[in-house]
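What follows is a single structure, written as structure tokens, with notes after it.
The values are calculated or read from the model by the stated rules, or taken from the named source; none is laboratory data. Model, not experiment: these values are computed from the prediction. Neighbour counts run over all protein chains shown; Cβ positions are idealised from the backbone, glycine included.
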């Protein structure tokens, strides 16, 4: 019998308090549908009392038919010395018309007396009145005990009194919050166990990551006996973020054999995590456990060798379980067997001990020493291999070009490129304007080549990145340019390095075009 | 009596196995000096057997006089069926000439039989021979028990035998490694306690973050009794990274009252973390516990209100303890008081409610919306303030310029800039060659200006950074250029944003020169 842990997602509420995060109503609707599809149990969708944008959102939400999740609106207990049905925030909370509400209240005596500045007894009344009122309105009530762990450490009996106040007024869940995120895993487990010994209710956990332990704390709370975990996708949230559900769910399901999501949903986790990071307009963290682009990326030579023999050797779980995949990175530490995999894609007859393999590794090391890096630029590396194996033909020659940039910039296109190329003895001279020298050169080169290779019309650049490698020589520093191109179906990455940013861009650009032409001819 | 936990940094070795990380020898020397200044106990500086670049580095390292840290070279036990003094990797390890070596060996029977494909007994001999040989060469030996936790779970008695083999051969430390990063905090603590009951040696912990719990696991191991913690700065490392020392150290020192760094060093942690991310060319993670830019950034209205009354209400520690600082986000009130500090440096008469303050905040918001960021570019922001207050005088006019870049690049200087400037009605027309368009323009502008302002001879650029802000439009994407300049005594940062990299560089360059001239005239 697999035990179920209830997953309570707060990406749209607590997650939205993260720096740099601001969801539109359209984003929120898409995220709600995605979370429901993934199969979380609760979606805490907003705080209608504090954020007027959320009221519109809750209206629009009614159009969505959710399959799995219960919608939840979040708000505070009534204010001190105000009747519950005269409290504006409480009224906003009701106007969200969700089946479930989360009510947070104070558990820490210091917060009662010094922050909201009322009496300990009035705080208990605020909890009782609000929970009772919401139950009277037929809501499921999740009572969030804010700062519970700090409160319990300061004054355990008062902290427990606040939980009893909520419970006796009808709360369906009690959630213990580590609001400031500074509690340690052993403390969490010990306190959770004590609370479970003292009160009789379904209990949840809500952790923040200020000590870097929100995930571990949530897991320890589950081991200690809680049955609901609150968190956010990708750990978004104020300061250092909330407990990351993308890490917690696979740990609970794979390591501890709990059920969190519906059967089969776990392998959708990586896609859901990346989808939400796109909508949040936050770069997806490549080192994120389970779902990150680097989570199963092997670089050390011995690691790659081990994983090739048996993936279990250097992977704690099979990446497919969470919808992620294994990658071998190309680098000087990655060793011969990785390089060989790439070589054999061009010529399967080459072996680990072929002279060509040694030559290509030597060339790889030389290029890396110059500042090249072929991670994400595997197409440039394939061209290195093709040149070394004599499987490369120059498809065009550039005899010369000039790029002229002028002040003032303000008239739109501020640079002009003139380029002369040769293809099979035929010359093409052309010119193009662009937004700066790199852009002008990019446009001119493709304009000239399209005369001979119309398939290049399909190609476009989707990403252009610049890294300064050695900053001590300032504007004469070496730069690495990384370009990602697509023909609408496939995409490929190339790289160029030079002290001249135009030259570095040029190298990556030419590689990108040559790679596409070779692939179309193969 | 405060208990000391030994801090073992592997940023330069295990950290360098992180995707996207590739340190130059110059970077490594700077990082070594920074780590030593911070006061870590061990610096694992490289793996001379697997990476030839590291041999040069260890030679150069001898020039540094370290105050605190012991340099350590990392390598494997001898290979199977090879005599230890005939093993090339062992010889490389010795050639590093470090006082201390870390030797890793296999603890997991599956790895012995299936990955390195030898017998369990030969593996024990490999451990014994290697440790004994290194002790014979007068090295301090840290024995890293790779995959110890997985090994212990699979075959506890063999796992312990490998530790005994190292210990009986003279190992000074035994480090228990969670190499695949999948062990849970309660397992770590339980196994650490059992090991401490079975062997008598100083014990260390080395965790990876694949389950998102490397920090918690390290802390639990310390609670369980280990006295050395291995990790990397910012958690750099293969896949999901290593245990992050920037999170572990403050947890141990502030929460658990251990001593990790020399007295007073903890407040250098944020600066060290960011310095190393700059050299690693990795964006510093703003949500990083303790040291992140957002770690003490408050956004929710109730949080800001609480922190204003008492910081303890929503902060688990005072940010100053780790050299970080509190920020209030998107709050007119808090925004104004921060900006006011900068304004009053230019004109102390301006108050919070002055019209100028409102105007400057509006301009700041407009510029930030365009992609400007003034952190580290306070000089550009000072110029914004001076313009708004009428405390700015244009010291030169650029009537126009042209920059011409030519193929081929190979003849050294590959771009020419022509520039015409006016100072007090006097024209100066000049030209300069440079390494690419940005460098040519930089040299030409300063050459022209030095005729009028000889003090510019003292100025030089020390840093030049390019960030692509919006990658979806490829080579026409918006870029932010950040320049750091010095006159030999002070240094200052400026910033420019444009879709044209040359224009963005130009804006930052002109700001930098204007700032220096204004300061010399003040």
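Just the residues that are modelled with pLDDT under 95 and assigned to a loop (DSSP other than H, G, I, E, B), please, taken from region A:61-71. Talk me through it step by step, then tell me what you get.
Looking only at region A:61-71, we keep the residues that are modelled with pLDDT under 95, and these are A:61-68.
Correct list: A:62, A:63, A:64, A:65, A:66, A:67, A:68.
So residue B:179 fits all but one of (1) in contact (Cβ under 8 Å) with a residue 40 or more places away in the chain; (2) under 30 Å from the mean Cα position of the chain (by Cα); (3) under 26 Å from residue B:84 (Cα atoms); what number is the exception?
Of everything listed in (1) in contact (Cβ under 8 Å) with a residue 40 or more places away in the chain; (2) under 30 Å from the mean Cα position of the chain (by Cα); (3) under 26 Å from residue B:84 (Cα atoms), residue B:179 misses just condition (1).
Please go through region B:1-36 and give me each residue that is away from chain A (no Cβ under 14 Å), surrounded by 19 or more Cβ atoms within 10 Å (Cβ to Cβ) and more than 20 Å from residue B:63 (Cβ to Cβ), ordered by number.
Hits for region B:1-36 are B:5, B:7, B:8.
Among the residues of region B:72-92, is there at least one that is without any contact (Cβ under 8 Å) to a residue 12 or more places away in the chain, in the same structural domain as residue B:166 (by TED's automatic domain parsing) and assigned to a helix (DSSP H, G or I)?
Within region B:72-92, one or more residues are without any contact (Cβ under 8 Å) to a residue 12 or more places away in the chain, in the same structural domain as residue B:166 (by TED's automatic domain parsing) and assigned to a helix (DSSP H, G or I).
Only one of these conditions is not met by residue B:65: (1) farther than 21 Å from residue A:368 by Cβ; (2) in contact with a helix residue (DSSP H, G or I) (Cβ under 8 Å, 6 or more places away or on another chain). Which number is it?
If we test residue B:65 against (1) farther than 21 Å from residue A:368 by Cβ; (2) in contact with a helix residue (DSSP H, G or I) (Cβ under 8 Å, 6 or more places away or on another chain), just (2) comes out false.
Would you confirm, using the coordinates I've provided, whether residue A:476 is under 24 Å from residue B:483 (Cα atoms) and either more than 10 Å from chain B (Cβ to nearest Cβ) or modelled with pLDDT under 85 (or both)?
Taking the combined requirement at face value, the residue satisfies it.
Could you go through region A:292-302 and let me know if any residue there is at the interface with another protein chain (Cβ under 10 Å from one of its Cβ atoms), more than 31 Å from the chain's Cα centre (by Cα) and within 22 Å of residue A:494 (Cβ to Cβ). Explain how you work it out, then say what you get.
As a first pass, look at region A:292-302 and keep what is at the interface with another protein chain (Cβ under 10 Å from one of its Cβ atoms): A:292-302.
Right, trim to more than 31 Å from the chain's Cα centre (by Cα) and you get none.
No: zero hits.
Take region A:487-520 and flag every residue that is within 8 Å of chain B (Cβ to nearest Cβ) and more than 18 Å from residue A:460 (Cβ to Cβ).
Result: A:498, A:499, A:500, A:501, A:502, A:503.
Scan region B:446-462 and give yes if some residue there is within 11 Å of chain A (Cβ to nearest Cβ), farther than 19 Å from residue A:478 by Cβ and in contact (Cβ under 8 Å) with a residue 60 or more places away in the chain, otherwise no.
Yes; the residues of region B:446-462 include at least one that is within 11 Å of chain A (Cβ to nearest Cβ), farther than 19 Å from residue A:478 by Cβ and in contact (Cβ under 8 Å) with a residue 60 or more places away in the chain.
For the structure I just gave you, tell me whether residue A:115 is more than 23 Å from residue A:272 (Cβ to Cβ) and without any contact (Cβ under 8 Å) to a residue 24 or more places away in the chain. Write out each step before concluding.
Values: more than 23 Å from residue A:272 (Cβ to Cβ): yes; without any contact (Cβ under 8 Å) to a residue 24 or more places away in the chain: yes.
Answer is yes for this residue.
Taking region B:310-342 on its own, how many of its residues are surrounded by 17 or more Cβ atoms within 10 Å (Cβ to Cβ), within 13 Å of chain A (Cβ to nearest Cβ) and at pLDDT 90 or above?
Summing the residues that are surrounded by 17 or more Cβ atoms within 10 Å (Cβ to Cβ), within 13 Å of chain A (Cβ to nearest Cβ) and at pLDDT 90 or above in region B:310-342 gives 9.
Among the residues in region A:397-408, are any surrounded by fewer than 16 Cβ atoms within 10 Å (Cβ to Cβ) and either touching a helix residue (DSSP H, G or I) at 6+ places or on another chain (Cβ under 9 Å) or under 22 Å from residue A:490 (Cα atoms) (or both)?
no
Given the criteria part of a loop (DSSP other than H, G, I, E, B), farther than 20 Å from residue B:11 by Cβ and either more than 22 Å from the chain's Cα centre (by Cα) or within 13 Å of another protein chain (Cβ to nearest Cβ) (or both), does residue B:368 qualify? Before the answer, list the steps.
Working: part of a loop (DSSP other than H, G, I, E, B): no; farther than 20 Å from residue B:11 by Cβ: yes; either more than 22 Å from the chain's Cα centre (by Cα) or within 13 Å of another protein chain (Cβ to nearest Cβ) (or both): yes.
No.
Listed residues A:256, A:184, A:269; which is at pLDDT 95 or above and within 22 Å of the chain's Cα centre (by Cα)? Before you say what the answer is, go through the steps one by one.
Working: A:256 fails: within 22 Å of the chain's Cα centre (by Cα); A:184 fails: within 22 Å of the chain's Cα centre (by Cα).
That would be A:269, the only listed residue that is at pLDDT 95 or above and within 22 Å of the chain's Cα centre (by Cα).
In region B:18-60, which residues are free of Cβ contacts under 8 Å to residues at least 24 places away in the same chain and part of a helix (DSSP H, G or I)?
Answer for region B:18-60, where residues must be free of Cβ contacts under 8 Å to residues at least 24 places away in the same chain and part of a helix (DSSP H, G or I): B:26, B:59.
Taking region B:120-150 only, how many residues are free of Cβ contacts under 8 Å to residues at least 24 places away in the same chain and within 16 Å of residue B:72 (Cα to Cα)?
Adding up the residues that qualify gives 1.
A quick yes/no check of all residues on (1) over 21 Å from residue A:200 (Cα atoms); (2) buried (at least 18 other Cβ atoms within 10 Å of the Cβ); (3) more than 39 Å from the chain's Cα centre (by Cα):
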{"residue": "A:72", "(1), (2), (3)": "yes, yes, no"}
{"residue": "A:86", "(1), (2), (3)": "yes, no, yes"}
{"residue": "A:97", "(1), (2), (3)": "yes, no, no"}
{"residue": "A:148", "(1), (2), (3)": "no, yes, no"}
{"residue": "A:153", "(1), (2), (3)": "no, no, no"}
{"residue": "A:165", "(1), (2), (3)": "no, yes, no"}
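Checking residue A:233 against (1) within 13 Å of chain B (Cβ to nearest Cβ); (2) within 18 Å of residue A:12 (Cα to Cα); (3) surrounded by 24 or more Cβ atoms within 10 Å (Cβ to Cβ), only one condition comes out false. Which one?
(1)
Those residues that are modelled with pLDDT of 85 or more and at the interface with chain A (Cβ under 8 Å from one of its Cβ atoms), I need them from region B:272-289; list them, please.
Scanning region B:272-289 gives B:285, B:286, B:287, B:288, B:289.
Of the conditions (1) more than 18 Å from residue A:505 (Cα to Cα); (2) assigned to a helix (DSSP H, G or I); (3) touching a strand residue (DSSP E or B) at 6+ places or on another chain (Cβ under 8 Å), residue A:379 satisfies every one except a single condition; which number is it?
Here residue A:379 clears every test but (1).
What residue, among those in region A:343-355 that are in a helix (DSSP H, G or I) and touching a helix residue (DSSP H, G or I) at 6+ places or on another chain (Cβ under 6 Å), is surrounded by the fewest Cβ atoms within 10 Å (Cβ to Cβ)?
Looking at the filtered set, the residue picked out is A:346.
So if I check each of A:385, A:360, A:443, which one is outside any strand (DSSP E or B), buried (at least 16 other Cβ atoms within 10 Å of the Cβ), without any contact (Cβ under 8 Å) to a residue 40 or more places away in the chain and away from every other protein chain (no Cβ under 12 Å)? Please lay out each step first, then the result.
Working: A:385 fails: without any contact (Cβ under 8 Å) to a residue 40 or more places away in the chain; A:443 fails: away from every other protein chain (no Cβ under 12 Å).
After ruling out the rest, the residue left standing is A:360.
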